[in-house]
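What follows is a single structure, written as structure tokens, with notes after it.
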Amino acid sequence: SSGINAEYGEPVAGEEIQRIAKPVKIVERMVNQNTHDEIAQDFKYWEDVSDEFKGVQGTLLPLWLFKSDKAKKFSVTAVVFNPRYNDMLAVGHGSYDFLKQGTGLICVYSLKNPSFPEFTYTTRSGVMSLDFHREHPNLMAVGFYDGTVAVYNMRDRSNQPGYQSSAKNGKHTDPVWQVYWQDNDLDNQLNFFSVSSDGRVTCWRLIKNELHHTDIILIRLDPAVAPDPVGMGGMDLGCGTCIDFHHRADYLFLVGTEEGKIYKCSKHYSSQYLDTYDAHHMAVYAVRWNNFHPRVFASCSADWTVKIWDHHYSEPMFTF
């Protein structure tokens, strides 16, 4: 038979393991769910009765602990849940000590088995950002410290990305702080955006087996200054740190910068901003449109503040 070595009559280990891999995985999950049953019950039903006496102070209850021996020397730099498989999350590992950069790691965990990652990917550079595609949850976009972006297909058994940028096809020159999947374009091509410290907001299209890039906007510190025709005017570029797209008008997006400004931009206008907000005194860490009110967004910064904005006004509505 196919599982027997014809010369010696012994089972072929690889085929035997493949045959029992799925049943063993199911049993492993059952054992883990029994072991962590108390945590699962707390996740669904736990409430701290003392909360009603604490005023504005709440309570956080630690539940699952995810760890991997491969990740011991790394910092956690990104976490994202899968939009379809709600028990699955991806964790990016890299280093925030920018003088000691090396390899990176991606671990994909499931709440069904917190003891060991479902998938691991070793990367040549530290991971800075992750995002799952909403319609194709097996596709994961990744941004790296060295400026590379890549797309991994978790259905492939390979440890290598299916798509990856390079110096030849528009790779960023600085860390990629966020990647963001978009709906298919007019040609029905998969695409995602990236924002980097090199001042570029870039759209990447998956065409055949390659990534094709288009720079949507360059973050200029002084938009009134014309671009240097020789291409040596890079010193006037700001450092992009975060991005978010409007949930209804998907051409509209916000870009946060290391300088503390937030720019409202459109995919249709690559040469100018729609609006500029003097939002913070230090780097903007995140911007998010409100899911329920189309005019409202929030920002947070290294200056220890969170601000709530109406995008039609230049001043925040609330500052925390």
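The values are calculated or read from the model by the stated rules, or taken from the named source; none is laboratory data. Being a predicted model, the structure only gives us computed values, none of them experimental. Here the Cβ is made from the backbone with ideal geometry for all residues, glycine too, and neighbour counts use every protein chain on show. Areas reflect the complete protein model, heavy atoms only, side chains present, ligands, DNA and RNA absent. Shrake-Rupley method; radii C 1.70, N 1.55, O 1.52, S 1.80 Å.
Annotations
- Test: residue in the stretch 298-305 that is within 25 Å of the chain's Cα centre (by Cα), closer than 17 Å to Lys261 by Cβ and of a type in the set (Asp, Glu): yes
- Residue tally, condition open to solvent by 100 Å² or more (accessible area, probe 1.4 Å) and on the phi > 0 side of the Ramachandran plot, over the stretch 50-78: 0
- Considering residues of the stretch 229-250 that are at pLDDT below 75 and part of a loop (DSSP other than H, G, I, E, B) only, the residue nearest to Tyr285 (Cα to Cα): Gly233
- Residue satisfying all of: in the stretch 101-122; hydroxyl-bearing (Ser, Thr, Tyr) and within 19 Å of the chain's Cα centre (by Cα); farthest from Asn34 (Cα to Cα) among these: Thr103
Okay, residues lined up against (1) touching a Ser or Thr at 6+ places or on another chain (Cβ under 7 Å); (2) open to solvent by less than 90 Å² (accessible area, probe 1.4 Å); (3) modelled with pLDDT of 80 or more:
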position: Gly3; (1), (2), (3): no, yes, no
position: Ala6; (1), (2), (3): no, no, no
position: Glu10; (1), (2), (3): no, no, no
position: Ala13; (1), (2), (3): no, yes, no
position: Ile17; (1), (2), (3): no, no, no
position: Glu28; (1), (2), (3): no, yes, yes
position: Gln41; (1), (2), (3): no, yes, yes
position: Tyr45; (1), (2), (3): no, no, yes
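- Number of positions in the stretch 166-181 that are under 11 Å from Trp204 (Cβ atoms), over 13 Å from the mean Cα position of the chain (by Cα) and in contact (Cβ under 8 Å) with a residue 40 or more places away in the chain: 2
- With respect to the conditions (1) open to solvent by 40 Å² or more (accessible area, probe 1.4 Å); (2) at positive phi, Gly260 falls short on a single one, namely (1).
- Against the test of being at pLDDT below 95 and closer than 16 Å to Ser129 by Cβ, the options Gln189, Gln182 yield a single qualifying residue, Gln182.
- Among the residues of the stretch 288-320, those that are of a type in the set (Phe, Trp, Tyr) and open to solvent by 40 Å² or more (accessible area, probe 1.4 Å) comprise Phe292, Trp304, Tyr313, Phe318, Phe320.
- With respect to being outside any helix (DSSP H, G or I), touching a helix residue (DSSP H, G or I) at 6+ places or on another chain (Cβ under 7 Å) and either under 27 Å from Met140 (Cα atoms) or modelled with pLDDT under 90 (or both), Thr59 fits the description.
- Verdict on Ala78 being closer than 15 Å to Tyr121 by Cα and under 13 Å from the mean Cα position of the chain (by Cα): yes
- Only listed residue being touching a residue at least 40 places away in the same chain (Cβ under 8 Å) and of a type in the set (Ser, Thr, Tyr), chosen from Thr148, Thr120: Thr120
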